[in-house]
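Student: This structure is in structure tokens; I'll ask about it shortly.
The values are calculated or read from the model by the stated rules, or taken from the named source; none is laboratory data. As the structure is a prediction and not an experimental result, all values here were calculated from the model. Cβ atoms come from the backbone with ideal geometry, glycine included; neighbour counts cover every protein chain shown.
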Amino acid sequence: MLTSAVRGIARRSFSTSKWAAAQQMTVRDALNSALDEEMERDERVFLLGEEVAMYDGAYKVSRGLWKKYGDKRVIDTPITEIGFAGVAVGAAMAGLRPICEFMTFNFSMQAIDHVINSAAKTFYMSAGMINIPMVFRGPNGAAAGVAAQHSQCYGAWYSHCPGLKVVSPYNSEDAKGLLKAAIRDPDPVVVLENELLYGVQYPMSDEALSKDFVLPIGKAKIERTGNHVTIVAHSMAVQNALEGANELAGQGIEAEVINLRSLRPLDINTIIQSVTKTHHLITVEQGWPHCGIGAEVAARIMESEAFYHLDAPVVRLASVDCPLPYTKSLEAASLPQTPDVVNTVKKILGVAQ
Amino acid sequence: MIPNCIRSIGSQTSKRNYGSWSKAVSFLLNKNNYATEASFETKPFRLHKLDSGPSTQVSVTKEDALKYYKQLHTIRRIETAAGNLYKEKIIRGFCHLYSGQEACAVGMTAVLRPQDSVITAYRVHGWTYLMGVSPLGVLAELTGRQSGNARGKGGSMHMYAKNFYGGNGIVGAQVPLGVGVAFAAKYQNTGGVCLALYGDGAANQGQIFEAYNIAKLWDIPCIFVCENNGYGMGTSADRAAASTDYYTRGDYVPGIWVDGMDVLAVREATRYAIDHCTSGKGPIVLETATYRYSGHSMSDPGTSYRTREEIQEVRQTRDPITSFKERILNSNLVAADELKKLEAEVRKEVDDAVKIAKTDKEIPMSELTTDIYSAPLEKEVRNVTPFNPLPHGRLGPAINL
Ligand SMILES: Cc1ncc(C[n+]2csc(CCOP(=O)(O)OP(=O)(O)O)c2C)c(N)n1
Ligand SMILES: [Mg+2]
């Protein structure tokens, strides 16, 4: 333990400039290395889901793992979500550490009873006798041009349920650190990935490249500091928040961008601290507004000390309150875009738009 | 009846069988020396919990032969056009082609009556056309434009028409819905049946077995159709199913296996299934053995889990269009010129539709918040921010009410 921490520090001190040295990695590869490292580390960890083995994953997240670990640990299932999700929960009950991939989270609705009733509640119902150390993971949210049934964010759905932990990584470091933490966690963790980010490269610090890298579940990350407004986002929407913040910076407005990383637990303290400083808050998400993540953040701020520090009402940016259409122009109009972030910030700051 | 001179085609088809079909004809010659009707022998049906099945001797009139040929050919051309539009990036997202499977839909719709209904999954372009939507209605839906069957809001997987309930993107979900549609037919005494279609992959979903049980228990006139194209995405049927005899998997629901590459065999099996359902015997399962030529969706090259040779082999020896064409030509039912003329007409219709589908407008922004509810209780819909809500709109009346 101690030695590896020391080694980590030693290695970091060698790299003179973190950014110059930072290696680029796609979110897909970051997830892949998280799976690989954790399977290597713990014999009980196995991956099951549709097309995860021979086809290397529908989105190639599990590329190479079946070749490396074989049929026993990387398992193609029939298209039977409620069946294999239940089997995975049962295996977790009996001491294994399943990673249950949903080809996309849209299909997890077929299996939601096992996620909620079997995975989330058993530890409580058994008075702590039976825990469910497992992961449900896959791409979540709107992809491009796949219409209403394939374009839904499950952030609010799963974070609603006590007993589950829910993470929603944005970039490659998030993806690797949070997935590894999820696999090691003794509770059921839902990992909401984003298909559109799979192919995007982000820098990976030396630390993040290490096999020991895990991120704490329940901690948000301040992606950018600023004094004028706090922008809270998760997953894809972090990108809009960062782009908006850059644009605002050119106009003299410094936004603090908080990447939630974890939706349950929600790191409300980091948001409270930020709002206490900036006195303004907006939230950005791709899910629906009604009972959404932004609604929860706003309510928690209302219930906190930070409420007294607000100079304007909290505003939520979310998907338009309708199913997602295939029509290209309408699809774009359905989701919060960077100009929406910029305009909303200016509006609540009372700056001319 | 017409005289028969049939030679068995045998259980496995090969290229040479096309030759034997030329002899497998019966004809009533008209004055141009062309037959007005021809008959053929289908591959044997396989039966589950049935004492006798459909007749393996099938006949087709010239008029029907031309109709089926036109339909088969139109679907193929629509799908080829769709594949190209996808490659040009005009179709986005998913695009699941039906090429190779045309005989299933054409054979089934051949015997559907006005009171019958259909529901299927996302591999829906061909079905939508057969259920009465024009090639433009299909192609413009694929390009997301206003002339699309669902005004471009549904895209590749979600198309609808009278007696046609889509277009479902969730594997297996359409099957209980189909039982519900059939339930309504029974409830309202329409005499209609519903075809509920699903793939070999979908055949493993639990809800299909729940639907079988309900349908049998309540004698619901539902025809469960498993279109077995050998693969569910990249997984071959035998890697996903403990039993790949899909026609037997309804257990207590009778079933028929049919050569899904033979439009006439499919037609006969469907006719039989409709009789079965409407005579009060409850549901039945049809398994149509077929093949998809393209990848699962356009983004799948479709060659990592099967060989190019396998695809070529099916194309050359079992293609549902080529085989039907050779049959009706060799039996003197139609002349090559007639088919050429038909092909040219189809090509023109589809090409014209492609042009419009490419240049047509998208629906106006107001339709983003149209038809979320048929009786909206709130006048406005929340936008991305709370500042500029959108009015809830309604388009024409629902066709099923
Ligand atoms: C519930 C659900 N799980 C997974 C998927 C992803 N998916 C779409 S099609 C498909 C394969 C289905 O195969 P099959 O039923 O054989 O139909 P085919 O595509 O061959 O027509 C899968 C896994 C989905 N759409 N819905
Ligand atoms: Mg299939």
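Student: Residues being away from ligand 1 (no atom under 16 Å from the Cβ) and touching a strand residue (DSSP E or B) at 6+ places or on another chain (Cβ under 6 Å): count how many of those fall in the stretch B:61-105.
Tutor: So the count comes out to 1.
Student: Let me ask you something else. For the subset of the stretch B:221-248 comprising residues that are within 13 Å of ligand 1 (Cβ to nearest atom) and assigned to a helix (DSSP H, G or I), which member is farthest from the chain's Cα centre (by Cα)?
Tutor: Here the residue is B:Arg239.
Student: Only one of (1) out of contact with any Pro (no Cβ under 7 Å at 6 or more places or on another chain); (2) in a loop (DSSP other than H, G, I, E, B) fails for B:Arg327. Which number is that?
Tutor: Result: B:Arg327 fails condition (2) only.
Student: Taking helices (runs of 4 or more DSSP H) that do not extend beyond the stretch A:52-145, which have at least 3 residues that are over 20 Å from A:Val191 (Cα atoms) and either at pLDDT 95 or above or more than 11 Å from ligand 1 (Cβ to nearest atom) (or both)?
Tutor: The qualifying helices (runs of 4 or more DSSP H) are A:65-73.
Student: Can you find, within the stretch B:142-201, the residue that is nearest to the other protein chains (Cβ to nearest Cβ) among those that are charged (D, E, K, R) and within 16 Å of B:Ile399 (Cβ to Cβ)?
Tutor: B:Lys153
Student: OK, next. Consider the stretch A:134-156. How many of its residues are buried (at least 23 other Cβ atoms within 10 Å of the Cβ) and either away from chain B (no Cβ under 14 Å) or closer than 16 Å to A:Ala318 by Cα (or both)?
Tutor: Matching residues across the stretch A:134-156 total 12.
Student: Give me the residue from the stretch B:106-129 that is under 21 Å from B:Asp319 (Cβ atoms), among the small types (Gly, Ala, Ser) and more than 16 Å from ligand 1 (Cβ to nearest atom) and, out of that set, nearest to the other protein chains (Cβ to nearest Cβ).
Tutor: Here the residue is B:Gly107.
Student: Any residue in the stretch B:216-230 that's of a type in the set (A, V, I, L, M): show its pairings with residues that are within 16 Å of ligand 1 (Cβ to nearest atom) at Cβ separation under 6 Å, as long as the two are six or more apart or on different chains.
Tutor: B:Ile223/B:Leu195; B:Val225/B:Leu195; B:Val225/B:Leu197; B:Val225/B:Leu286
Student: Run down A:Asp321, A:Asp340 and say which single residue is within 10 Å of chain B (Cβ to nearest Cβ), assigned to a loop (DSSP other than H, G, I, E, B) and not hydrophobic (A, V, I, L, M, F, W, C).
Tutor: A:Asp321
Student: For A:Ile348, are the conditions met, namely being assigned to a helix (DSSP H, G or I), surrounded by fewer than 24 Cβ atoms within 10 Å (Cβ to Cβ) and within 14 Å of chain B (Cβ to nearest Cβ)?
Tutor: Yes.
Student: Among the residues of the stretch B:355-367, is any part of a strand (DSSP E or B) and under 30 Å from A:Glu285 (Cβ atoms)?
Tutor: no
Student: Evaluate the following for A:Glu296: is it under 17 Å from A:His160 (Cβ atoms) and away from chain B (no Cβ under 14 Å)?
Tutor: So A:Glu296 fits the description; yes.
Student: Now, a different point. Which condition does B:Met233 not pass, out of (1) within 13 Å of chain A (Cβ to nearest Cβ); (2) more than 9 Å from ligand 2 (Cβ to nearest atom), if it passes all the others?
Tutor: (2)
Student: Only one residue in A:Val115, A:Val87, A:Val166 is more than 16 Å from ligand 2 (Cβ to nearest atom), among the aliphatic types (A, V, I, L, M) and without any contact (Cβ under 8 Å) to a residue 60 or more places away in the chain, so which one is that?
Tutor: After ruling out the rest, the residue left standing is A:Val87.
Student: Does B:Gly191 count as within 16 Å of ligand 1 (Cβ to nearest atom), on the phi > 0 side of the Ramachandran plot and not β-branched (Val, Ile, Thr)?
Tutor: So B:Gly191 fails the test.
Student: For the stretch B:203-212, indicate whether the set of residues that are within 10 Å of ligand 1 (Cβ to nearest atom), part of a loop (DSSP other than H, G, I, E, B) and under 25 Å from B:His96 (Cβ atoms) is non-empty.
Tutor: Yes.
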